[in-house]
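The values are calculated or read from the model by the stated rules, or taken from the named source; none is laboratory data. What you see is a predicted model; the values in this text were computed from it and never measured. Cβ: placed from backbone, ideal geometry, glycine included. Neighbour counts: every protein chain shown.
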Amino acid sequence: MTDLARQFRRNLLERFLRYAGVRTTSDTVRADKGIVPSSPGELELAEIIAEELRALGIAEVAVTTHGYLCARIPAGPGCACGPPVCLLAHLDTVETVSGADVRPCVFEGYDGTAITLEGGAALDPAADAELAAAKGETIITSDGRTLLGADDKAGVAEIVTLMEILLAHREIPHGEIEIILSPDEETGHGMDFVPTQWMHSRHCLTLDGSGLGEIECECFNAWKSRVVFTGVARHTGTARPAMVNAVSLAADFVSLLPRHESPETTDGRQGFYAPHRVSGTMEDAEVTVLLRDFDAAAMEKRLKIVEQLAQAVIAGHTGSTVTVTHTRQYVNMRESLEKQPVLLNCLVRAAKSLGVTPVFKPIRGGTDGSRLTEMGYPTPNMWTGGHNFHSPTEWASLDQMEKALAVLIEFVVQFAYENI
Ligand SMILES: [Zn+2]
């Protein structure tokens, strides 16, 4: 598998550079209004890749009205019984850094020294251990004016190259392979219109991770609490003692949230309360709080604490009220993946068999995979070889991309023999 991936290294690079050149910056305001894809470039790239897949000889290729590219190849020889699997990556790039006119720079056999890009941004191996470790590899950067878009065009290029290899080498055993390249991951709407009705697969894998060996199978549980206070309105000149100011209640509530459990004071596996938005008047005021915890029981506790703090704030303020509404945003995929570990175990085996040590990192956020897992499709996330995402100093290692491709080939072969 390593040799095959090596043979297609140039194709992988060419593809990645070509995709990076298409502007696919997604737009949160439009996506929040339900407009998906939120930018024309996402659809453009989907159509470019659809044509490419048809030219490779894939019969089942379609782009949905919401810009999801779906393609499927049948099982290889002797593997008609293997379970189908769906591989996913996202076409869009984040809007916080320009994705217009991306001009990638390729450094073959990176010498391990600092790189100053044309746009002024610098990549410093002294401050970036992953870059220092990539000495000798072929690395790709933007020219410093834009992001590179390795998040997630590295994943896209790896999936498309895998399809090319499977079609060129029909002797490779594999089950039915489905791919979905999706829009609007960065706006948080990537799975809003995912065509699950099209899928035969019950197991999926996203390629949207970073450095070599990274496999993500755990993310936050995420809830949002809306806390609404009503006060007792009076003319300010004659307010004493009856007035209760809802703005003050909201401020009291925020001040009671533990500061040592906020996003800016936590990392690793610690959860937090993040006061997210405050609005209101003397009559009524609203606070939204984002709650995050890896542990489901600890999250239950956080929800109760929000309620208790809200009640504590109004205690003694006659006439005031508070209502607390909790909304679930996404759930930690760990539990579901533990119940249905076949794909994850297979991926880990494939990585180890090619000498890649899996690195398990909890994600302090959610992924398309966590949404899919919640929908009933266990979906871990694997590395793509991209680094420093969402920044003009984003870079990718072609060697790590090639390794991802080799592991993907090995994975589809091993998965074809799984009995589920
Ligand atoms: Zn991504």
#### Entry: Contacts under 8 angstrom Cβ, first residue in segment 149-174 being under 16 Å from W383 (Cα atoms) and in the same structural domain as D101 (by TED's automatic domain parsing), partner among the aromatic types (F, W, Y) and more than 16 Å from the ligand (Cβ to nearest atom), 6 or more apart
T161/F8
### Task
Could you run through segment 393-420 and say how many residues are touching an Asp or Glu at 6+ places or on another chain (Cβ under 6 Å) and either part of a loop (DSSP other than H, G, I, E, B) or over 15 Å from S210 (Cα atoms) (or both)?
0
### Query
What are the residue pairs meeting all of these: first residue in segment 362-383, first residue not assigned by TED's automatic domain parsing to the domain that holds Q197, second residue within 14 Å of the ligand (Cβ to nearest atom) and in a strand (DSSP E or B), Cβ atoms under 9 Å, and 6 or more apart or on different chains?
none
#### Entry: Qualifying positions in segment 197-218 - within 16 Å of the ligand (Cβ to nearest atom) and either within 24 Å of W395 (Cα to Cα) or surrounded by fewer than 24 Cβ atoms within 10 Å (Cβ to Cβ) (or both)
L205, T206, L207, D208, G209, S210, G211, E214, I215, E216
### Message
Just to be sure I understand the filter: pairs with C-beta atoms under 6 Å, separated by 6 or more residues or on different chains, first member in segment 81-102 and more than 15 Å from D184 (Cβ to Cβ) and not assigned by TED's automatic domain parsing to the domain that holds A20, second member within 11 Å of the ligand (Cβ to nearest atom) and not in a loop (DSSP other than H, G, I, E, B). Which pairs pass?
### Response
none
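Is it the case that segment 122-138 has a residue that's in contact with a strand residue (DSSP E or B) (Cβ under 7 Å, 6 or more places away or on another chain), among the small types (G, A, S) and farther than 13 Å from F16 by Cα?
Taking every residue of segment 122-138 in turn, at least one turns out to be in contact with a strand residue (DSSP E or B) (Cβ under 7 Å, 6 or more places away or on another chain), among the small types (G, A, S) and farther than 13 Å from F16 by Cα.
Among the listed residues T161, T93, identify the single one that is buried (at least 23 other Cβ atoms within 10 Å of the Cβ) and away from the ligand (no atom under 16 Å from the Cβ).
Values: T93 fails: away from the ligand (no atom under 16 Å from the Cβ).
The conditions single out T161.
Please work out if D295 is among the acidic types (D, E) and surrounded by 18 or more Cβ atoms within 10 Å (Cβ to Cβ). Let's see the steps before the verdict.
Values: among the acidic types (D, E): yes; surrounded by 18 or more Cβ atoms within 10 Å (Cβ to Cβ): no.
Answer is no for this residue.
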### Query
Could you say which residue among L88, L131, L123 is surrounded by 20 or more Cβ atoms within 10 Å (Cβ to Cβ) and within 16 Å of the ligand (Cβ to nearest atom)?
L88
### Query
Would you call T384 at pLDDT 90 or above, closer than 24 Å to T161 by Cα and in contact with an Asp or Glu (Cβ under 9 Å, 6 or more places away or on another chain)?
yes
### Summary
Quick count over segment 5-25, residues being surrounded by fewer than 16 Cβ atoms within 10 Å (Cβ to Cβ) and out of contact with any Asp or Glu (no Cβ under 9 Å at 6 or more places or on another chain), is 3
### Message
Among the residues of segment 251-287, what is the count of those that are over 33 Å from the mean Cα position of the chain (by Cα) and in a helix (DSSP H, G or I)?
### Response
2
